[in-house]
Amino acid sequence: MRAASIARLQTDRDALVRCEDNLSFMRPLASESVQLIVTSPPYNIGKSYESRSPLNEYVAAQAQVISECVRLLTPGGSLCWQVGNHVDRGEIFPLDMVLYPIFKEHGLRLRNRIIWHFEHGLHCTKRLSGRYETILWFTKGDEYDFDLDSIRVPAKYPGKKHFKGPKAGQLSGNPLGKNPGDVWIFPNVKSNHVEKTVHPCQFPVELVERLVLSLTKPGDIVFDPYMGVGSSVIAALKHDRQGYGCDVVPEYVDIAWDRIQQLRAGTLKTRPMNKPVYDPSLPYGGHK
Ligand SMILES: C[S@@+](CC[C@H](N)C(=O)[O-])C[C@H]1O[C@@H](n2cnc3c(N)ncnc32)[C@H](O)[C@@H]1O
């Protein structure tokens, strides 16, 4: 969606959010100034905030935005593009496959294709219901920052020890926890999620937090060119990074700014990282 730019700047020391088309937001920003770009673009499936266009036009528009994003990225910086499927008359077009060649044309290196699995969504009748989307994590160049320790998760068998060999008796796993792997299970933001706003498809903040913590350092700039209600900006600010974002819908930008103020005031509710997914077979769903 390209819209006339609406000057509605909302900014403070670490946050810059604006109601503006992403290309015009990005053009004045300095090259190689952003450490992490994380976003979920429209999927061209006719959501309230997008107009449907032929797939080739959609891809051409994405190519322009991606090109500007690559210009903004610092050497060693990361770009995370979170997408699902474009659907046309029952046929699905996985957008990560469709867009991958554009990222490669810019020389980006794919480090992970992360599967984000969730349990709620449309119930399909003529194909299997879609219960995952993907995050393509690219870096600009061969050298890049990745702080695994900041995102380790509890090991399944934390006390497990080597039972033979020279390390017999020593812990076999990392005492800080294990690598979270490339399949991430986070509830999607549906009506009973604490982060739910009027936006039809928000990021869960915990998903972005994992990227912010592992791919940036305090003070770095994190930018979301399709910001929605500001989930990426919130994740950045929670961890003392700078958060930039833009969106063409004034209502979403106002909500993003309000959420930022709630975060500052300590009243914003976000689902905690590493909270287990509700499991009805466990007492209290596994939440106590
Ligand atoms: C999938 S949603 C992103 C939601 C976001 N991740 C969140 O947590 O709220 C895509 C967003 O892109 C916005 N958008 C569409 N075209 C845009 C453009 N040209 N520039 C900036 N934002 C745009 C839409 O208004 C929509 O809010």
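Things to note:
- A cut-off under 14 angstrom between Cβ atoms defines the neighbours of Ile234, and their net charge, with Lys, Arg +1 and Asp, Glu -1, is -1.
- Positive end of the dipole of the chain (Cβ unit charges, origin at the Cα centre): among Ala256, Leu211, Asn56, the Cα lying farthest that way belongs to Leu211.
- DSSP-assigned coil residues among chymotrypsin sites (Phe, Trp or Tyr not before Pro) in the stretch 209-288, each with at most 16 further Cβ atoms within 10 Å: Tyr278
- The stretch 179-197 residues near the modelled Phe163 label - backbone nitrogen below 12 Å, point 7 Å along Cα→Cβ: none
- Separation of alpha-carbon centers, the stretch 86-136 and the stretch 160-219, rounded to whole Å: 21
- Net charge contributed by nearby residues that have their C-beta within less than 10 Å of Ser40 (K/R +1, D/E -1): -2
- Charge dipole of the stretch 9-286 about the Cα centre (unit charges at C-beta), most positive-ward option of Ala155, Asn44, Ser67: Ala155
- For Glu206, the shell of other residues with beta-carbons less than 13 Å away shows a net charge of +3, using +1 for Lys and Arg and -1 for Asp and Glu.
- In order along the stretch 17-24, the phi-based Karplus estimate (6.51 cos²θ - 1.76 cosθ + 1.60, θ = phi - 60°) of 3J(HN,Hα) comes to 10, 8, 7, 6, 4, 5, 5, 6 Hz; Gly and Pro are listed as x.
- Put a plus charge on the Cβ of each Lys and Arg, a minus charge on the Cβ of each Asp and Glu, and nothing anywhere else: the dipole of the stretch 9-286 about its Cα centre is then about 1280 debye.
- The alpha-carbon of Lys275 sits under 22 angstrom from the alpha-carbons of these lysines, leaving out residues fewer than 8 places away in its chain: Lys156, Lys178, Lys190, Lys196, Lys238, Lys288.
- Taking only the Cα atoms of the chain, the ratio Rg/Rh comes out at 0.98, with Rh defined as the Kirkwood radius.
- Share, in percent, of DSSP beta bridges within the chain that are antiparallel, nearest 5: 55
- Long-range HN-HN contacts of Thr74 with modeled amide H, under 5 Å: Ser33, Val34, Gln35
- Whole-number percent relative contact order across the stretch 9-286, with pairs defined as alpha carbons under 8 Å at least 6 apart: 22
- Taking amide H atoms as placed 1.01 Å from N in the peptide plane, the amide H of Trp116 lies under 5 Å from those of Glu133, Thr134, Ile135, Trp184, each 5 or more residues away in sequence or on another chain.
- Taking every alpha-carbon pair under 8 Å whose residues sit at least 6 apart, the stretch 58-195 reaches a relative contact order of 26 percent.
- Selection among Pro166, Asn188, Leu176 by position relative to the dipole of the stretch 153-193 gives Pro166 as farthest towards the positive end (Cβ unit charges, Cα centre).
- Candidates per trypsin sites (Lys or Arg not before Pro) in the stretch 67-116, loop by DSSP, up to 14 other Cβ within 10 Å: Arg89
- For the stretch 72-168, the fraction of alpha-carbon pairs in successive 5 Å shells from zero, as %: 2, 10, 14, 16, 13, 11, 11, 10, 7, 4, 1, 0, 0
- Hull volume in cubic angstrom per residue (convex hull over the Cα atoms of the stretch 6-108): 115
A short reminder: the numbers here are calculations on the coordinates, not readings from a lab. Being a predicted model, the structure only gives us computed values, none of them experimental. We place every Cβ from the backbone using ideal geometry, glycine too, and count neighbours over all the protein chains shown.
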